[in-house]
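Rule-based calculations on the coordinates, nothing more; no lab input. Just so it is clear, the structure is predicted and the values come from calculations on it, not from any experiment. Cβ sites come from the backbone with ideal geometry, for glycine too, and all protein chains shown count toward neighbours.
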Amino acid sequence: MPAAEAPAPTAPRCNCRAVEFLESSIGKKIMVALAGLFLCVFLLTHLAGNLILFLGGPAFDRYAQMLESNPLLPLAEGGLVVLFLIHIALAVRARLANMAARPVAYQVYKGKDARTPGSSTMALTGTLVLVFIIIHVATIKFQVGGAKGPDLFGHVTGWFHNPLYAGFYVVALIGVGLHLSHGVQSAFQTLGLNHPRYTPMIKALGAAFAILIALGFLSIPVYFGFIVHAPATPPNGAAMPSGPIGGAQ
Amino acid sequence: MTTNNEAKGMNLTLKIWRQKDARDPGGLVEYKVENVSPEMSFLEMLDVLNEQLVAKGQDAVAFDHDCREGICGMCSLMIDGQAHGPDKAATTCQLHMRRYKDGDTITVEPFRAKAFPVVRDLVVDRSAFDRIQQAGGFVSVNTGNARDANGVLIPHETAEKAMDAAACIGCGACVAACPNASAMLFVGAKVSQYALLPQGQPEREKRALAMRAAMDEEGFGHCTNEYECEAACPKEIKVSNIARLNREYLRATLVSE
């Protein structure tokens, strides 16, 4: 609990500067921002790879095999897990401290319209994205609830035949967009990059990035789930209807 | 109260947070104030309410105030969920009743943060800010003859930026308005006003480290860049000062010995 952690900075400054930095409010935020920006780079590469789905089964499976056969893949995956863990763990700790910082809530809180839909829902969208990632990795990477086979294209598009699964993707990806709409430009501010000339540009680029990522990823479940049902055998057809969402936890 | 005044006076319903002391849970109490002139400031309206309460033998509502001209940083109040009320770049004492109309209901609460405990009613203890200042919000200057005025050259733009940061009156509206009760705008302004000027350089790293530590120790929240602080600040302190604080702290962590 944050109350128990509070005394940590009180102690005489420890010799380890890194620990002091990570325990500090600003240090935590800087780490969350850095990890978040690296995760944005991953999102771009992931989107580029996923859009190969639109080139059809053989092209996508070739891409998947190329990725799988790369000996550096486990290293990249491990790095990705570490980035996620840093981002989530420190953001959760900051959130708990923030809740403790105002123990008695206002009866009326209105503010002065500085908050955005993205900024005021970061914890909510972050949680949604985390749940999404767990389900996504379980069903697509580890193929829980589906037959493991070489035909990854059929496996992926098969999942989207389930409207519940595709619908959840749509909701979660809108959440990703909202999260990024605040997160990207906010990360630059946290890293100390605020400049009268560049900040408006960073804000515009952050919004554009959020829209690009959200729409790019949304195109996949929308197309394969609601527009075209690619002629592919659904993975483990019997488990399809309610399996993916309920069964993944 | 002449009939003339009554003709143009407003009748208002106030929901005011009443709390006997720090341990009392407190709650909103409804009051009617009659005959409020649009010329009055918000605090004068509260004075009228208190006169009415005292005349009835009840306890007056405790609230902080001092200069009543927007420069001391003493008045506070969360008015209908907005720190210092609905106006931009104004303190509560600069808010006038012409902003309201007859029959309005106004909710008045104290600034809320763990680091700003309620003393009584609408009065909160903001000495956490003083302790942050004492940790490093100063420059150490040896006594002696005054230096030549132009001995230390400071670009005009830099001086302006430092002055903008120094305009902070330490009222705590940034903390009150922040969804996380963070004090980053206040600390950002105080660190910036020295970090920008040559006089602040000798203690630059020590100041950033010490003021950050003091801020966290008081139990303020983490900044999530929602910028409600900037919108609420009566002195229009910019969030670029928060970015500078982030930079100063990062730099101090890396370079100081």
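Give the calculated FRET efficiency between B:Glu236 and B:Asp47 to the nearest 0.05, with a Förster radius of 35 Å applied to their Cβ-Cβ distance. Don't skip to the end; give the middle numbers.
Values: r = 28 Å, r/R0 = 0.79.
Result of the calculation: an efficiency of 0.80.
Along the Cα-to-C-beta direction of B:Lys88, a point sits 7 Å from the Cα; which residues of the range B:223-257 have their amide N less than 17 Å from that point?
B:227-240
So which lysines pass the test for B:Lys235, namely a Cα distance under 18 Å, with those fewer than 8 places away in the same chain ruled out?
By straight Cα distance, B:Lys235 reaches A:Lys112, B:Lys88, B:Lys161, B:Lys190.
Taking a quarter of the surface of the convex hull around the Cα atoms of the range B:3-119, what do you get in nm²? The partial results should precede the final answer.
Numbers: hull surface 30.9 nm².
Computing the convex hull of the Cα atoms and averaging its projections yields 7.7 nm².
Mind checking the mean number of beta-carbon atoms from other chains within 10 Å of the Cβ atoms in A:29-36?
Values: counts 8, 4, 0, 2, 2, 0, 0, 0.
Counting other chains' Cβ atoms within 10 Å and averaging over A:29-36 gives 2.
Tell me, rounded to the nearest percent, the portion of alpha carbon pairs in the range A:42-201 spaced more than 18 Å apart. Can you show the working numbers first?
Numbers: 9018 of 12720 pairs.
In whole percent, the share of Cα-Cα pairs in the range A:42-201 beyond 18 Å is 71.
Just in the range A:85-175: which trypsin sites (Lys or Arg not before Pro) are loop by DSSP and have at most 14 other Cβ atoms within 10 Å?
Numbers: sites: A:Arg93, A:Arg95, A:Lys110, A:Lys112, A:Arg115, A:Lys141, A:Lys148; in loops: A:Lys110, A:Lys112, A:Arg115, A:Lys148.
Sparse-neighbourhood loop trypsin sites (Lys or Arg not before Pro): A:Lys148.
Using R₀ = 41 Å, calculate the FRET efficiency as 1/(1 + (r/R₀)^6) where r is the Cβ-Cβ separation of B:Thr13 and B:Ile71; round to 0.05.
Values: r = 31 Å, r/R0 = 0.76.
After rounding, the FRET efficiency stands at 0.85.
With both partners inside the range B:3-119, how many of the DSSP beta bridges are antiparallel, as a percent to the nearest 5?
Numbers: 14 of 18 bridges.
Here the antiparallel bridges make up roughly 80 percent for the range B:3-119.
If one computes the Cα centroid of the range B:7-27 and of the range B:95-158, what distance in Å separates the two points?
25 Å
What is the distance in Å between the Cα centroid of the range A:53-78 and that of the range B:33-92?
For the range A:53-78 versus the range B:33-92, the Cα centre distance is 66 Å.
Among the listed pairs A:Lys110/B:Lys206; A:Lys110/B:Lys32; B:Lys20/B:Lys238; B:Lys56/B:Lys101; A:Lys110/A:Lys203; B:Lys15/B:Lys238, which are separated by more than 28 Å between their Cα atoms?
Where the Cα-Cα span goes over 28 Å, the pairs concerned are A:Lys110/B:Lys206; B:Lys20/B:Lys238; B:Lys15/B:Lys238.
For the protein assembly as shown, what does the helix formula give at 222 nm: sum of -39500 (n - 2.57) over DSSP H segments with n ≥ 4, over the residue count, nearest 500 deg cm²/dmol?
Working: 19 runs with 253 residues, N = 506.
Helices in the protein assembly as shown give a 222 nm mean residue ellipticity of -16000 deg cm²/dmol.
For the pair A:Tyr223/A:Ile174, report the inter-label distance in nm, with labels modelled 7 Å from Cα in the Cβ direction.
The two pseudo-label positions are separated by 2.1 nm.
What FRET efficiency, computed as 1/(1 + (r/R0)^6) with R0 = 56 Å and r the Cβ-Cβ distance, is obtained for B:His156 and B:Ala55, rounded to the nearest 0.05? Kindly include the intermediate steps, with their values, before the conclusion.
Values: r = 55 Å, r/R0 = 0.99.
Once the sixth-power term is evaluated, E becomes 0.50.
Report the Cα centroid-to-centroid distance between the range A:103-134 and the range A:196-214 in angstrom, as an integer.
After rounding, the separation between the Cα centres reads 20 Å.
Which percentage, to the nearest 5, of the DSSP beta bridges contained in the protein assembly as shown is antiparallel? Spell out each step's value before the answer.
Working: 16 of 21 bridges.
Restricted to the protein assembly as shown, the bridges split so that about 75 percent are antiparallel.
So for B:Ile71, A:Ile227, fewest C-beta neighbours within 10 Å to most, what's the order?
Numbers: B:Ile71 15, A:Ile227 8.
With the sparsest Cβ surroundings first, the list reads A:Ile227, B:Ile71.
Over the Cα atoms of the range A:96-153, Rg to Rh with Kirkwood Rh, two decimal places? It would help to have the intermediate numbers written out before the result.
On the way: Rg = 19.5 Å, Rh = 15.2 Å.
With Rg and the Kirkwood Rh in hand, the quotient comes to 1.28.
Hey, rough spin-label estimate for A:Thr116 and B:Asn35, points 7 angstrom out along Cα→Cβ, what's it come to in nanometres?
Each label point lies 7 Å from its Cα, and together they span 5.1 nm.
From the Cα trace of the range B:79-152, what convex hull volume per residue do you get, rounded to a whole Å³?
On the way: hull volume 13.3 nm³, N = 74.
Dividing the Cα hull volume of the range B:79-152 by its residues yields 180 Å³.
Can you compute 3J(HN,Hα) from phi for each residue in the range B:94-103, using the Karplus curve 6.51 cos²θ - 1.76 cosθ + 1.60 with θ = phi - 60°, rounded to whole Hz and x for Gly and Pro?
In residue order, the calculated couplings are 8, 7, 10, 6, 5, 5, 10, 10, 3, x Hz.
Give me the three principal axis extents of the protein assembly as shown from the C-alpha atoms, as integers in angstrom, largest value leading.
Between the extreme Cα coordinates on each principal axis of the protein assembly as shown lie 87, 62, 42 Å.
Just B:Gly136, B:Gly172, B:Gly103 to compare: in a GNM of chain B, with alpha carbon springs under 10 Å, which one fluctuates most?
Highest fluctuation of the listed residues: B:Gly103.
Given points 7 Å out from each Cα along the Cα-Cβ axis, report the B:Asp130 to A:Leu130 separation in nanometres with one decimal.
Each label point lies 7 Å from its Cα, and together they span 4.1 nm.
Which of B:Asp24, B:Asp216, B:Asp148 moves the most in a Gaussian network model of chain B with Cα springs under 10 Å?
B:Asp148
Would you pull out the residues with amide H under 5 Å of B:Gly26's amide H, same chain only if 5 or more places away, H placed 1.01 Å from N?
B:Lys20
If you keep only loop residues by DSSP, which chymotrypsin sites (Phe, Trp or Tyr not before Pro) in the range A:108-201 have at most 13 other Cβ atoms within 10 Å of their Cβ?
Numbers: sites: A:Tyr109, A:Phe132, A:Phe142, A:Phe153, A:Trp159, A:Phe160, A:Tyr165, A:Phe168, A:Tyr169, A:Phe188, A:Tyr198; in loops: A:Tyr109, A:Phe142.
In loop regions of the range A:108-201 (DSSP not H, G, I, E or B), the sparsely surrounded chymotrypsin sites (Phe, Trp or Tyr not before Pro) are A:Phe142.
Mind checking the range B:88-171 for chymotrypsin sites (Phe, Trp or Tyr not before Pro) that DSSP puts in a loop (not H, G, I, E or B) and that have at most 14 other Cβ atoms within 10 Å?
Listed in order of number, the matching sites are B:Phe138.
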